[in-house]
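Each value in this text was obtained by applying a stated rule to the coordinates, not by laboratory testing. Worth saying up front: this structure is predicted, and the values here are computed from it rather than measured. Cβ atoms come from the backbone with ideal geometry, glycine included; neighbour counts cover every protein chain shown.
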Amino acid sequence: MFICQVIASRGNGGLEKHIRDLSSCLVAQGHRVLVIADVKFLMTLPDGIEKQSLNMRMSRRNPWLLLQLYLKLRLYKFDVIHAHADKAANMLWSIKVLLNTPIVATVHNIKSQFKLYQRFAHVICVSRHLATLVNTPGAEVIYNGIQKTHIKQLDLKAQYHLPDNKPVICAVGRLVPAKGFDVLLQAIDGLDVSLIIAGEGPQSAELKNSIAHMQANTHVILIGHYERPLDLMCSADGVVISSRREGFSYVFNEALICGANILSTNVPVANEVLPSALIVPINDVTMLRQKLIALLQAPSYWDELMKDVQQFAQKEMTLAQMTKKTINLYQRMQ
């Protein structure tokens, strides 16, 4: 098949990782892939993936941008056009009447409304919760997948000079309010525990200030961006996801694939996969604290709760399975 992926984002987060991974896997399986995106994103794509650039700084309704998109699409005879996230989906819907190629749109995050996606005959949702919100017969759930690579076990206590007699938990993500790291800090304040937070973002100064005022027996360090987060998560006693909202958490998937124990707030996809004993309400400092204390005191019980979930992840949340299900959908669209 010849597949066109369209993305309007200019960032470098989970959405962009998803398209890089999916496109690379499609090419590896013998399909031809062309990505239409901003040049900033195209520069991150590996060889083997064809590229066409658009200036995605312009508004999704800009006539010049829509014309340029249409002209680039006309240059090729695609079997499928795949739009990722709101702006790309909106742009393609605006010119859909001029195209004869089947289009699928992927919903990557929770939005205030989903009328746009309800217009498409084919929609991929990265969680069951999103599929419920989209609420259209064409919605299909395909979990984002990751490739399990070689994982290196680390001695976190030695590497970061943490106390030998305290468990180490970690949290990974962009330092923004949506990730709820402020709630996590409140929940562990005063506990005999060490916390490593890996990530960068605008909330860094605020979190550092909160850490400076925490009780002395609780150790917290911000380590910034960490190149191999799976090594970090598999080496900790547990991974905590304290998010206020998520469309699909790559951190959750990575923690599962590397075999880490997880405690999460009630956000997708964790609340679709983890047992209820490992889910706490969003923004509930008391419940997060109580649950974390209980799990750290009974690590074998935490291990047991994770067994079935980790087996599920090895089958359903891998890059290979995601690619297989996406190809299956593409074929059914022909």
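A few comments on the model shown:
- The alpha-carbon of Lys307 sits under 26 angstrom from the alpha-carbons of these lysines, leaving out residues fewer than 8 places away in its chain: Lys148, Lys152, Lys157, Lys166, Lys179, Lys291, Lys315, Lys324, Lys325.
- Projected area, mean over directions - region 156-316, Cα convex hull, nm²: 8.5 nm²
- Sum of side-chain charges, Arg245 neighbourhood, beta-carbon under 12 Å (Lys, Arg +1; Asp, Glu -1): +2
- Report note on the peptides 82-93, 106-117, 191-202, 59-70: ranked by the mean count of other C-beta atoms within 10 Å, highest first, their order is 82-93, 191-202, 106-117, 59-70.
- Summing +1 for each Lys or Arg and -1 for each Asp or Glu among the other residues whose beta-carbon sits under 15 angstrom from that of Ile110 gives +3.
- Relative contact order for the chain, counting Cα pairs under 8 Å that sit 6 or more residues apart, in percent: 15 percent
- Under 17 Å from the Cα of Lys115 - lysines, other chains or at least 8 residues apart: Lys87, Lys96
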